[in-house]
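These notes concern the structure reproduced below.
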Amino acid sequence: VGPENSAESSAAPKSAAVGFEVSMDGKLRIIRINKPEKKNPFTLKMYLDFAQLLKDAAEDQNTTLVAVTGTGDYFSSGNDLTNFTSFSGSVSEAAEEGKRNLKIFVNSLIDFPKPVIGVVNGPALGIACTILGLMDAVYATDRGWFQTPFSALGQSPEACSSYTFPKLMGSLKANEMLLFNKKITAVEACKLGLVTEVFQDANFQSEVWPKIKEWSELPINSLVYSKQLSRQFDTEILHKVNDAECERLLERWQSEDCMEAIMKFFSKNSK
Amino acid sequence: VGPENSAESSAAPKSAAVGFEVSMDGKLRIIRINKPEKKNPFTLKMYLDFAQLLKDAAEDQNTTLVAVTGTGDYFSSGNDLTNFTSFSGSVSEAAEEGKRNLKIFVNSLIDFPKPVIGVVNGPALGIACTILGLMDAVYATDRGWFQTPFSALGQSPEACSSYTFPKLMGSLKANEMLLFNKKITAVEACKLGLVTEVFQDANFQSEVWPKIKEWSELPINSLVYSKQLSRQFDTEILHKVNDAECERLLERWQSEDCMEAIMKFFSKNSK
Amino acid sequence: VGPENSAESSAAPKSAAVGFEVSMDGKLRIIRINKPEKKNPFTLKMYLDFAQLLKDAAEDQNTTLVAVTGTGDYFSSGNDLTNFTSFSGSVSEAAEEGKRNLKIFVNSLIDFPKPVIGVVNGPALGIACTILGLMDAVYATDRGWFQTPFSALGQSPEACSSYTFPKLMGSLKANEMLLFNKKITAVEACKLGLVTEVFQDANFQSEVWPKIKEWSELPINSLVYSKQLSRQFDTEILHKVNDAECERLLERWQSEDCMEAIMKFFSKNSK
């Protein structure tokens, strides 16, 4: 009975955003990352498009709740590394555009007023993992795993993970992910507070969607005001963290550390 | 050997606060919510009386530690919903009085200088659950359960739970309680950090009280100063959170969301 | 293959700091608390020496990562209580010197820019336990245990534990340690977030060191900048907490509570 099988509203908004599919199921809006053949990576344009999709969701009076999920086996493999290699301009121009789009993308999640729920249907890497810390609940299949290999790629935390991960799991656990590239299972992520609940993969879609659908019928004002109260002291901090992280990534993306790591990655994968 | 059986000080302060029973066991002061036939709900007056009881405890030089518990099967069913229906004045007057009393009640816990321990002898709902986040330790019987059905009642978080719950359990877990009305067991609450330790119901009274009694013999200055240090940056924030939450509830209590939900509750319970 | 067995750099810096042994293994710098016959306690001078060792590590361009461990069965028994009894001057002079040295010691950890990892080879008491909350990762043998008996000794939290412990484990769990002297096992500490991972004692040295060694080969800039980002809002708070805690200890160390507790400790141990 998940949205994959159910009769979704035929009046579902048609998205012009390539790489996403948007649908409505009652008052629940589902944003699906939809490039399964490439493991749902984020291109530079997709950062902006996602921000626009959230803006639409915020403004639509018929939307109470937003769920973000992926098509196929992956939730998302994260930042599309060809963003670095296929850019037509200079390295510094690529870094500048990357920074600008990332900041807008992350701000759209920080400022989104309605509850947003991650429905993590498979592995979540890099930016697809870090954004979970900005959501309001995260449900994951036990087939999923989570990794943010920042230092392995000569980079540094993004999507406010340098703030949300220590807050969720405590600094001594968070640093294994943030500093030391640790890969964790969905069950581990749940113990650490990065996932709200884990489901067996066979039942994932059938158990998660009815629950979320039911919540979308709750009084929207109570949901929005409750989220607002719980974020009231964090929003300002999150914006500062996003700024600082983006500034640092601008430097990192132009560093030798990063270039060497990315070249190593592609040479390894091309063998 | 719990206070229910032990020979308590015959000089125990006699409380004029209807709905509470106060007793001393050495330097341990026990505040018992005492309306077991109604599941220990909080009437409007009880909010003010509880604040006064804490004031007495703070001023009494013979009191080192305060424990809060309930008589009977429930810790407390939370806010007495007849507060809304039996009030003689207008809805807005009822809401104003509710807000005023709630703010004083919550402030009394924020500002209480000595350690206060929740001895949760059964289910803790709504305000009886949220206040646990303001205590210094919480011991629960495994028969207890915990729920804050704010959005189901068209309401929003109180007793600083919009701040303490995410801090205790991480935002991704807290929102299931704060936004989505999740009911959790004592064991789950313990994993989430809302309960310090869970005991088998059969041994609950006999194991918890001697432990707390022993702690009431520790040097009071070390206890008070240690609590002060660990609260030094939170106290100001907690007051702001309390103000914002009370302001929001004033609006919520007068909203259609809330009235519909409460009418539904009473019509369901009267069938 | 731990540093105890491996061929460490023969150019290892020779420490003039009595009570410590410093060695290099590639880019990993190991600071070993080295008074095993006395369970590795901290004398007044060792607080200053440790701060100097961290300064050396920060300045050495060949050091990427620092590990702190103990020689023998204990990580460290904490503050050497003879600091109080063997001091030649007055009680207030001893308290003043204790405060000065403690503040410098704790500040050196707050401000250390590279990752520092606790390799907890046995019990960690008092200051040896509280400093773990200022580290970036903590690995412990399952033979270890942890205790901060502040109120039992008439004292109060130090090394920012009044801030880091509630942040790591939630206030309702932290207070059992901070207020009520609870002793916990390594496995419990790991569940509470005070330890990153626990290892069987038989495999502890052989499993922990290769992992840390590998991390010391990661790009130092990514490590340092990532740590900086995750600490950016905490550093200022941590300094304020350290100041307030030291000020309080200055009072506590001169209090009757503390003197009675310490006399009781020595008379018990001398029987």
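Structure notes:
- Boolean, A:Ser230 is of a type in the set (Ser, Thr, Tyr), surrounded by 18 or more Cβ atoms within 10 Å (Cβ to Cβ) and in contact with a helix residue (DSSP H, G or I) (Cβ under 6 Å, 6 or more places away or on another chain): yes
- On inspection, A:Lys191 passes the criterion of being without any contact (Cβ under 8 Å) to a residue 12 or more places away in the chain, among the basic types (Lys, Arg) and surrounded by 14 or more Cβ atoms within 10 Å (Cβ to Cβ).
- Looking only at the range A:117-148, and only at residues there that are in contact with a helix residue (DSSP H, G or I) (Cβ under 7 Å, 6 or more places away or on another chain) and in a helix (DSSP H, G or I), the one that is surrounded by the fewest Cβ atoms within 10 Å (Cβ to Cβ): A:Leu134
- If you go through the range A:24-34 and pick out every residue that is over 14 Å from A:Lys114 (Cβ atoms) and out of contact with any Lys or Arg (no Cβ under 7 Å at 6 or more places or on another chain), you end up with 3.
- Test: C:Glu214 is free of Cβ contacts under 8 Å to residues at least 40 places away in the same chain, over 25 Å from B:Ala137 (Cα atoms), out of contact with any strand residue (DSSP E or B) (no Cβ under 8 Å at 6 or more places or on another chain) and away from chain A (no Cβ under 14 Å): no
Residue by residue, here is whether (1) within 17 Å of A:Leu238 (Cα to Cα); (2) among the aliphatic types (A, V, I, L, M) holds:
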residue: A:Thr148; (1), (2): no, no
residue: A:Leu153; (1), (2): no, yes
residue: A:Pro157; (1), (2): yes, no
residue: A:Ser161; (1), (2): yes, no
residue: A:Lys167; (1), (2): yes, no
residue: A:Leu179; (1), (2): no, yes
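Okay, residues lined up against (1) among the small types (Gly, Ala, Ser); (2) over 25 Å from C:Leu223 (Cβ atoms):
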| residue | (1), (2) |
| --- | --- |
| A:Gly118 | yes, yes |
| A:Leu125 | no, no |
| A:Ala128 | yes, no |
| A:Thr141 | no, yes |
| A:Pro157 | no, no |
| A:Cys160 | no, no |
| A:Pro166 | no, no |
| A:Glu176 | no, no |
| A:Lys182 | no, no |
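- Residues of the range A:245-260 satisfying the condition of being outside any helix (DSSP H, G or I) and not small (Gly, Ala, Ser): A:Gln254
- Close pairs from the range C:219-241: first more than 7 Å from chain A (Cβ to nearest Cβ), partner aromatic (Phe, Trp, Tyr) and surrounded by 22 or more Cβ atoms within 10 Å (Cβ to Cβ), Cβ under 8 Å, at least 6 apart: C:Ile237/C:Tyr163; C:Leu238/C:Tyr163; C:Val241/C:Tyr163
- Check on C:Lys114, buried (at least 18 other Cβ atoms within 10 Å of the Cβ), within 14 Å of another protein chain (Cβ to nearest Cβ) and not in a strand (DSSP E or B): yes
- The conditions of being of a type in the set (S, T, N, Q), touching a residue at least 24 places away in the same chain (Cβ under 8 Å) and farther than 30 Å from B:Ala174 by Cβ are met by A:Thr85.
- Evaluated against (1) of a type in the set (A, V, I, L, M); (2) out of contact with any Asp or Glu (no Cβ under 7 Å at 6 or more places or on another chain); (3) outside any loop (DSSP other than H, G, I, E, B); (4) surrounded by 13 or more Cβ atoms within 10 Å (Cβ to Cβ), A:Met263 falls short on exactly one condition, (4).
- Filter result (within 24 Å of B:Gly170 (Cβ to Cβ), in contact with an Asp or Glu (Cβ under 9 Å, 6 or more places away or on another chain) and within 10 Å of another protein chain (Cβ to nearest Cβ)) within the range A:242-260: A:Glu245
- All conditions but one from (1) more than 8 Å from every other protein chain (Cβ to nearest Cβ); (2) over 21 Å from C:Lys191 (Cβ atoms); (3) buried (at least 23 other Cβ atoms within 10 Å of the Cβ) apply to A:Ser151; the one that does not is (1).
- Among the conditions (1) touching a residue at least 60 places away in the same chain (Cβ under 8 Å); (2) more than 24 Å from B:Met169 (Cβ to Cβ), the only one that B:Asp80 does not satisfy is (1).
- Residue ID - nearest to B:Val120 (Cα to Cα), chosen from residues in the range B:56-90 that are touching a Ser or Thr at 6+ places or on another chain (Cβ under 8 Å) and part of a loop (DSSP other than H, G, I, E, B): B:Phe75
- The range C:157-178, residues that are facing chain B (nearest Cβ under 7 Å), free of Cβ contacts under 8 Å to residues at least 40 places away in the same chain and under 17 Å from the mean Cα position of the chain (by Cα): C:Leu178
- Checked against the criterion of being in contact with a Cys (Cβ under 6 Å, 6 or more places away or on another chain) and within 16 Å of B:Asn40 (Cα to Cα), the range B:126-146 has at least one qualifying residue.
- Only residues that are over 14 Å from the mean Cα position of the chain (by Cα) and in a loop (DSSP other than H, G, I, E, B) were counted across the range C:20-55, and they come to 3.
Taken together, the values in this text are just the output of simple stated rules run on the coordinates, not laboratory data. The structure presented is a predicted model; accordingly, all values stated were derived computationally and were not measured. Glycine gets a Cβ as well: all are built from the backbone with ideal geometry, and neighbour counts include every protein chain shown.
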